[in-house]
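Below is one structure, written out as structure tokens; comments come after it.
The values are calculated or read from the model by the stated rules, or taken from the named source; none is laboratory data. Here the structure is a predicted model, which is why all the values come from computation and not from measurement. Cβ atoms come from the backbone with ideal geometry, glycine included; neighbour counts cover every protein chain shown.
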Amino acid sequence: MKKRLIRFVAAAFAGLFLLSGCDVLPKGTDGPRDVPLTIKADFTQKEKAGNWIKYGDCKITTQDGKALVTNRKESNAGVAISCPDYRGNTINATASVSSANDSVRLTLKYDIYGNVSYVTVASGETTEASEASISGNIEIPANAENAIVYIEGSDVRDITVSSFEISVVGDFNNLTGVPVESLADPTKTASLSAAYAEYFKFGVASPASVMTNKNDKFRKLITSQFNSITPENELKPESVLDAAVTLADPAKYNENPAIHFDNAKPILDFCKKNNIPMRGHTLVWYSQTPSWLFYENYDVNGKLASRELMLKRMENYIDSVMNWCEKNYPGVIYAWDVVNEAAADDGGMRDCYWKQTIGDDYVEKAFEFARKHAPKGVKLFYNDYNEYQTSKQEDILKMLKPVAAAGNIDGMGMQSHISAGLNVDNYVAAAKKYADELGVVIHITELDVTAPKSLNAMYDQGVYMKKLFEAIVAADKAGVPIECVTVWGLTDDMSWKSSTKPLLFYGNLSPKPAYEGVMCALNGGEVAKPADYQEPKTDSTPFVEDFEDKKFKGGPRYSSVQKVVEGGYESDYCLMNSEGYAEYDGYSIDVTNYAGKTIKVTFAIKSKAPTCKCTADIDGTWPTIAEVQTGSDEWVLGEGQYTIEAGTPSLTIYFESVDMNPFYLDNVKIEVIG
Ligand code: 9MR
């Protein structure tokens, strides 16, 4: 379908202009102009003329309408499309690629006030022989400049791109010619780390680009607010392992892969200069670790390396990374995430190269080596997400008990990527359980809190933050050894999940109600209601959807994709849910308007999965509303009830299949019955 060109509307511009807080337009800007809403790379044409550009150190040649990216000196070098005019919009980026790289990513890069952000739009596994289509949607912040989307790999091998396209999703918000907001003065905001000094360190994750960018205000916000820093990506194996050197002489580096700290140095320098201690993240991880590390002669076309060889590589890597940092930046790193995310989402240990080559005891071995080589006083952590969920916690405890018994672990890193709905009492109870059963201290390592999809989202998030930090402080006072709380990013715009607005500062560095909530947890104050506060709606109108108009009102949960397709239940159309990365990536419907009521949900569903479920998404407990036996690939009817607590700021229910099979949904009805 050809997209419309949206014309600039004077009134809309006037509104945006006022919001921007600027008095005059900067010279040379004369207001929004027409822009095409799709940019398609044309590889029969040269760079720029064909709507594509080269990103990073590589060579691009075009042939038969495809781009061949060779001589890639870094894993992020490749083809890019520049899309600065799309700021303030959600875009879709889609590419067809083939490559011997294990995976290829579409990454959005933009500057905000001279601060560079990189956000993954989508990723896919690739092979040289067949083409993979990679596609994803992402929101570009309104204040982003110089936005580009580029195609990067997991290593430096060639990538062939046969198509690459970016388009605006939904109505176009035309911000061309509209100046970006000015930055808030970071020194005007009271310090989180000073306020919380008697309880725990208050940390932040930051990319090293903050340390090298032109704008000093971001650094000022860090030094004034936080007293612990985690490099967001720069100490991960992918950043530290030197692929070029190791792969050039595999025999020389066979037991001890070459490493470098080019990416991490700016942030290590910053910590040293400002006397801010650093959490090292992370040594042994299934992700962001190149696959060549696990092969004989580092050759991914050969055999996996033996246990003995991988133990040597693991020990040498842990030893050399920890001790390079200590030698060059003495005392800066005070804790290391030795192993990250070794527990599987669906129970037990995650299958990964470390487990395949070394065996189930790879976690124990990693901690044994870390203890043996750790500089004096450096604390050793295990770090994971969904760590507060009962069953995952049991798996993590089981895995870590031998490590604790051997005296090789000091701390549990609770990542805490949560949403404003998780029960705070259950959450701190999980922290206490780790501390009690393993005899370790607790760091909350990657806190971010998805804002509710409510009328007063920022305010509701602030109220939740107050509750959460009250619970954390109460637990700390009661003896749960919480020594550090780190938020996973400085501003919403810089977050890895920026569209969920999960952090404490807005993109312009001004504090959010979420920040206020964190402060109110200490001083007993209340988060201020915004001037445009709206009373939450409660209405009992039934939700009915049969997809016959080819539209749907709900949306994806995580990475699932929905399409209206033919062949409904006794009708023409139904909804197909597919392409999720996990079984719980389903179709989600907001039912917040039924707060305080009992709802009945009825639906028709069809899938090859043995069972399908309708689930409520609340408190990290995910109660089942209805479960039906599918598997026959025939339509089956489901029905269930759920009572939503009064005052719940945000609640969704979602449909899922128990494995990753697609499912078809029709005749969804949600009605109030009490
Ligand atoms: O925030 C990080 C993001 O910039 C990276 O693209 C991503 C790649 O996996 O990793 C993010 O950080 C992750 C952290 O290292 C481990 N826990 C989950 C975090 C969010 O994905």
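For the stretch 279-287, state whether one or more residues are loosely packed, with under 15 Cβ neighbours inside 10 Å, closer than 12 Å to Asn233 by Cα and either within 24 Å of the chain's Cα centre (by Cα) or aromatic (Phe, Trp, Tyr) (or both).
Yes, the conditions are met somewhere in the stretch 279-287.
For Gln534, indicate whether it is outside any loop (DSSP other than H, G, I, E, B), at pLDDT below 95 and of a type outside the set (Phe, Trp, Tyr).
no
Output the residues belonging to the stretch 486-507 that are part of a loop (DSSP other than H, G, I, E, B), of a type in the set (A, V, I, L, M, F, W, C) and within 13 Å of the ligand (Cβ to nearest atom).
Result: Trp488, Leu490, Trp496, Leu503.
What residue, among those in the stretch 288-333 that are of a type in the set (A, V, I, L, M) and assigned to a strand (DSSP E or B), is nearest to the chain's Cα centre (by Cα)?
Only one residue tops the list, namely Ile333.
Tell me, please, whether a residue that is of a type in the set (Asp, Glu), out of contact with any Leu (no Cβ under 7 Å at 6 or more places or on another chain) and either under 19 Å from Pro375 (Cα atoms) or within 16 Å of the ligand (Cβ to nearest atom) (or both) can be found in the stretch 301-315.
So far as the stretch 301-315 goes, yes, one or more of its residues are of a type in the set (Asp, Glu), out of contact with any Leu (no Cβ under 7 Å at 6 or more places or on another chain) and either under 19 Å from Pro375 (Cα atoms) or within 16 Å of the ligand (Cβ to nearest atom) (or both).
Any residue that is among the acidic types (Asp, Glu), within 16 Å of the ligand (Cβ to nearest atom) and at pLDDT 95 or above - is there at least one of those in the stretch 162-174?
Within the stretch 162-174, not a single residue is among the acidic types (Asp, Glu), within 16 Å of the ligand (Cβ to nearest atom) and at pLDDT 95 or above.
Name the strands (runs of 3 or more DSSP E) wholly inside the stretch 126-210 in which the number of residues that are β-branched (Val, Ile, Thr) is 3 or more.
145-153, 159-169
Take Lys379 and tell me if it is touching a residue at least 40 places away in the same chain (Cβ under 8 Å), buried (at least 18 other Cβ atoms within 10 Å of the Cβ), of a type in the set (Lys, Arg) and under 22 Å from Tyr286 (Cβ atoms).
No; evaluated as a whole, the condition is false for this residue.
Give the number of residues within the stretch 69-89 that are in contact with a strand residue (DSSP E or B) (Cβ under 6 Å, 6 or more places away or on another chain) and surrounded by fewer than 17 Cβ atoms within 10 Å (Cβ to Cβ).
3
Could you run through the stretch 604-634 and say how many residues are within 13 Å of Ser657 (Cβ to Cβ) and touching a residue at least 24 places away in the same chain (Cβ under 8 Å)?
14
Mind counting the residues in the stretch 562-587 that are farther than 21 Å from Thr611 by Cβ and hydrophobic (A, V, I, L, M, F, W, C)?
Qualifying residue count for the region: 2.
Among residues belonging to the stretch 224-252 that are more than 16 Å from the ligand (Cβ to nearest atom), buried (at least 18 other Cβ atoms within 10 Å of the Cβ) and among the polar types (S, T, N, Q), point out the one that is farthest from Leu293 (Cα to Cα).
Looking at residues that are more than 16 Å from the ligand (Cβ to nearest atom), buried (at least 18 other Cβ atoms within 10 Å of the Cβ) and among the polar types (S, T, N, Q), I get Gln225.
Going through the stretch 503-515 one residue at a time, which ones are touching a helix residue (DSSP H, G or I) at 6+ places or on another chain (Cβ under 7 Å), closer than 10 Å to Gln461 by Cα and not hydrophobic (A, V, I, L, M, F, W, C)?
The answer is Lys512, Pro513.
So which strands (runs of 3 or more DSSP E) are wholly in the stretch 1-88 and hold at least 2 residues that are of a type in the set (Gly, Ala, Ser) and modelled with pLDDT under 75?
Ranges flagged: none.
Does the stretch 280-293 include one or more residues that are within 16 Å of the ligand (Cβ to nearest atom) and among the aromatic types (Phe, Trp, Tyr)?
Looking for residues that are within 16 Å of the ligand (Cβ to nearest atom) and among the aromatic types (Phe, Trp, Tyr), one finds at least one in the stretch 280-293, hence yes.
Tell me which of these Val544 doesn't satisfy, since it passes every other one: (1) β-branched (Val, Ile, Thr); (2) surrounded by 13 or more Cβ atoms within 10 Å (Cβ to Cβ); (3) more than 16 Å from the ligand (Cβ to nearest atom).
Every listed condition holds for Val544 apart from (2).
Here's the yes/no breakdown for (1) of a type in the set (Asp, Glu); (2) over 30 Å from Pro266 (Cα atoms):
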site: Asn316; (1), (2): no, no
site: Lys327; (1), (2): no, no
site: Val332; (1), (2): no, no
site: Ala335; (1), (2): no, no
site: Glu341; (1), (2): yes, no
site: Asp346; (1), (2): yes, yes
site: Met349; (1), (2): no, yes
site: Gly359; (1), (2): no, yes
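Which residues, counting only those in the stretch 416-474, are under 21 Å from Ser499 (Cα atoms) and within 16 Å of the ligand (Cβ to nearest atom)?
Of everything in the stretch 416-474, those that are under 21 Å from Ser499 (Cα atoms) and within 16 Å of the ligand (Cβ to nearest atom) turn out to be Ser416, His417, Ile418, Ser419, Thr445, Glu446, Leu447, Asp448, Val449, Thr450.
Scan the stretch 351-359 and give yes if some residue there is buried (at least 24 other Cβ atoms within 10 Å of the Cβ), among the small types (Gly, Ala, Ser) and more than 16 Å from the ligand (Cβ to nearest atom), otherwise no.
The answer is no, given that none of the residues of the stretch 351-359 is buried (at least 24 other Cβ atoms within 10 Å of the Cβ), among the small types (Gly, Ala, Ser) and more than 16 Å from the ligand (Cβ to nearest atom).
Filter the strands (runs of 3 or more DSSP E) completely within the stretch 614-674 down to those with at least 3 residues that are surrounded by 21 or more Cβ atoms within 10 Å (Cβ to Cβ).
Result: 652-657, 663-672.
Of the residues Ala406, Ala370, Ala420, Ala374, which is touching a residue at least 24 places away in the same chain (Cβ under 8 Å) and touching a Pro at 6+ places or on another chain (Cβ under 7 Å)?
After ruling out the rest, the residue left standing is Ala420.
State all residues of the stretch 240-264 that are part of a helix (DSSP H, G or I) and touching a residue at least 40 places away in the same chain (Cβ under 8 Å); if no residue qualifies, say none.
Of everything in the stretch 240-264, those that are part of a helix (DSSP H, G or I) and touching a residue at least 40 places away in the same chain (Cβ under 8 Å) turn out to be Val240, Ala243, Ala244, Thr246, Leu247.
Does Asn275 satisfy the condition of being more than 16 Å from the ligand (Cβ to nearest atom), more than 24 Å from Asn316 (Cα to Cα) and in contact (Cβ under 8 Å) with a residue 12 or more places away in the chain?
no
For (1) more than 18 Å from the chain's Cα centre (by Cα); (2) touching a residue at least 24 places away in the same chain (Cβ under 8 Å); (3) away from the ligand (no atom under 14 Å from the Cβ); (4) under 30 Å from Pro179 (Cβ atoms), each residue gets a yes or a no:
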position: Leu106; (1), (2), (3), (4): no, yes, no, yes
position: Ser123; (1), (2), (3), (4): no, no, no, no
position: Gly136; (1), (2), (3), (4): no, yes, no, yes
position: Ile140; (1), (2), (3), (4): no, yes, yes, yes
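Criterion first (over 20 Å from Ala366 (Cβ atoms), touching a strand residue (DSSP E or B) at 6+ places or on another chain (Cβ under 8 Å) and in a loop (DSSP other than H, G, I, E, B)) does Ile276 satisfy it?
For Ile276, the condition - over 20 Å from Ala366 (Cβ atoms), touching a strand residue (DSSP E or B) at 6+ places or on another chain (Cβ under 8 Å) and in a loop (DSSP other than H, G, I, E, B) - is met.
Among all residue pairs at least 6 apart or on different chains, which show Cβ distances below 6 Å where the first residue, located in the stretch 487-502, is polar (S, T, N, Q) and at pLDDT below 95 and the second is away from the ligand (no atom under 11 Å from the Cβ) and in a helix (DSSP H, G or I)?
Sorted first by the residue in the stretch 487-502, then by its partner, the pairs are Ser498/Asp492.
Mind listing whichever residues of the stretch 590-613 are closer than 18 Å to Gly555 by Cβ and surrounded by fewer than 21 Cβ atoms within 10 Å (Cβ to Cβ)?
If the condition is that a residue be closer than 18 Å to Gly555 by Cβ and surrounded by fewer than 21 Cβ atoms within 10 Å (Cβ to Cβ), then Asp590, Thr592, Asn593 are the ones that fit.
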